[in-house]
Amino acid sequence: MKAVIYSRVSTDEQNPRSQLQVVREYALSKNYTIMEVFEENISGSVHPLDRPIFKSMLNYVKDVGAEVIVMYDITRFYRPPAGKVVDALSILRNIIDEYNVLIDFAREPEIEDPLLAELWRFLKSWISAYERLQISMRTKYGLMRVKKEGRLYHKPDLIYYYAAWLYNKDLRDVTKEEYYNARRQLYNIIKKYWDDPRYKKSRIIEILSNNELKGMYMRFPKAPRKYITIYRLMKEV
């Protein structure tokens, strides 16, 4: 996932670089691709949308399609005034909805305000649920797009690998038509061994990997090699 880092420190805080290092390490541990880092020296009591660097970051997020904003902890996002703790959640939700971005935090904050601490506990649960929803939606729409383009969208089987090798394509670019053409060809290759009593059916895949399908297995060493793979093909066709 494409990510940006937002690091905020107040004028009286020390060693902002150590905070940034923690956030970088956390982002890498989550396999985020760091697109840009935004550093701002401003009080946490200033509304996020009133901060020049924070607003620049949001514009950047929108321009490059970043998916995650990573911060040290929730206090880097906002320290709302007394009686306005719930505002932090409202601001957060508006940013997430408007910019279609997840906000992630690298550390548990040390919070003395019991209301802000309660907000953090709720926020952690909400962020986790939102992240699961985002992953689910990306998967759903990704499959819909692939299906609309006429490409396959299931876990690759032997036919899938054979089609990619036959048409010299990446696995994700194999079309349905190419898949079914490859299926017929692969069936005919296997059939000459399948119907010949001189060959044990359990060893056909081994024979193919050293002969007709040698090139395919050299390109795709993870392609299936189990007997059940060709058994299903011969029974289904």
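Values quoted throughout were computed directly from the atomic coordinates according to the rules given, and no laboratory measurement underlies them. The structure displayed is predicted, hence computed values, not measured ones. Glycine gets a Cβ as well: all are built from the backbone with ideal geometry, and neighbour counts include every protein chain shown.
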Open item on the list: Multiplying the sequence separation of residue 229 and residue 168 by 0.36 nm and subtracting their Cα-Cα distance, what value in nm do you get?
Closed with: 19.8 nm
TODO: Please sort by residue number the trypsin sites (Lys or Arg not before Pro) in the stretch 170-212 whose DSSP state is loop and whose Cβ has at most 12 other Cβ atoms within 10 Å.
DONE: 198, 200
- [ ] Take the Cβ-Cβ distance between residue 17 and residue 177 as r, set R0 to 41 Å, and report the resulting FRET efficiency rounded to the nearest 0.05.
- [x] 0.15
Task: Set 192/226; 169/201; 2/176; 2/55 screened for pairs whose C-alpha atoms are more than 23 Å apart - done: 169/201; 2/176
Open item on the list: 5 Å is the cut-off here: which amide hydrogens, built 1.01 Å from N in the peptide plane, fall below it relative to residue 40, excluding neighbours closer than 5 in sequence?
Closed with: 7, 8, 9
Open item on the list: Give me the percent relative contact order of the stretch 9-69, please, defined on Cα pairs under 8 angstrom at least 6 residues apart.
Closed with: 33
Task: Label point 7 Å beyond Cα of residue 201 along Cβ direction - residues of the stretch 214-234 with amide nitrogen under 12 Å - done: 227-234
Task: Computed over the stretch 158-236: relative contact order in percent, which uses C-alpha pairs under 8 Å that are six or more apart - done: 32
Open item on the list: If I model a spin label as a point 7 Å beyond the Cα along the Cα-Cβ vector, how far apart are those points for residue 192 and residue 91 in nm?
Closed with: 7.2
Task: Loop-resident sites, the stretch 156-237, for GluC sites (Glu not before Pro), counting at most 16 other Cβ within 10 Å (DSSP) - done: 212
Task: Dimensions in Å of the stretch 1-109 - Rg and Dmax from alpha carbons - done: 13.0, 37
